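Worksheet: the structure to be examined is printed underneath.
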Amino acid sequence: MNLKIRVIAPDKIVWDANAEEVILPSSTGQLGILSGHIPLLTAIDIGVMRVKIEKEWQPIILLGGFAEVENNNITILVNGAEIVSEIDIKKTQQELDKATELLSEAKTNKEKIEATQNLRKTRARMQAAAVLNR
């Protein structure tokens, strides 16, 4: 039996497909979901959701939100998401270095919050690259 997964951002449905397994970046750590999982509501952190379809893992970058699991249906409401098919690791590493530098240079609370969010998004892209390059 498959899982029905829907990822919904404010402006569109990002993902709507069946999968064998999913690993979510929850606020308390990685959360694996298989068919028959008990009902669950969890907060989603900025990170990489891994979806297993026909024995292949597909990474999707989630930018925070909530997920509900019930009757083999997973509905994920997110602030934003990025479907990843190809990532330039060298470019992403440069972006990660720049994001780290901006965080260290941040002075105000607003700058620190924005720099931290940017750093977390860039780290998620690096994690997605690792999934793609396995």
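The values are calculated or read from the model by the stated rules, or taken from the named source; none is laboratory data. All values derive from a computational prediction rather than experimental measurement. When we count neighbours, we look across all protein chains shown, and the Cβ atoms used for this are built from the backbone with ideal geometry, even at glycine.
Here is a check on your reading of the model: is residue 106 farther than 29 Å from residue 16 by Cβ and touching a Lys or Arg at 6+ places or on another chain (Cβ under 8 Å)? Yes. A Cβ distance below 7 Å, combined with a sequence gap of six or more or placement on separate chains, defines the contacts here; from segment 1-27, residues that are touching a residue at least 12 places away in the same chain (Cβ under 8 Å) reach residues that are of a type in the set (Gly, Ala, Ser) and part of a loop (DSSP other than H, G, I, E, B) in the pairs 1/35; 2/35; 3/35; 9/80. Set side by side, the residues 12, 55, 98 differ, and just one is in the same structural domain as residue 115 (by TED's automatic domain parsing) and charged (D, E, K, R), which is 98.
On the basis of being in contact with a Pro (Cβ under 6 Å, 6 or more places away or on another chain) and part of a strand (DSSP E or B), does residue 47 make the cut? Give the derivation first.
On the way: in contact with a Pro (Cβ under 6 Å, 6 or more places away or on another chain): yes; part of a strand (DSSP E or B): yes.
Taking the combined requirement at face value, the residue satisfies it.
Out of 38, 87, which single residue is among the β-branched types (Val, Ile, Thr), more than 22 Å from residue 130 (Cα to Cα) and either in contact with a His (Cβ under 9 Å, 6 or more places away or on another chain) or in a loop (DSSP other than H, G, I, E, B) (or both)? Answer to the check: 38.
The residue of segment 67-83 that is nearest to residue 4 (Cα to Cα), among those that are in contact with a Gly (Cβ under 8 Å, 6 or more places away or on another chain) and aliphatic (A, V, I, L, M), is 76.
Taken over segment 78-102, the criterion of being farther than 30 Å from residue 51 by Cβ and of a type in the set (A, V, I, L, M) is satisfied by 102 alone.
A single member of 46, 38, 33 is in the same structural domain as residue 75 (by TED's automatic domain parsing), over 12 Å from residue 81 (Cβ atoms) and surrounded by 12 or more Cβ atoms within 10 Å (Cβ to Cβ), and it is 33.
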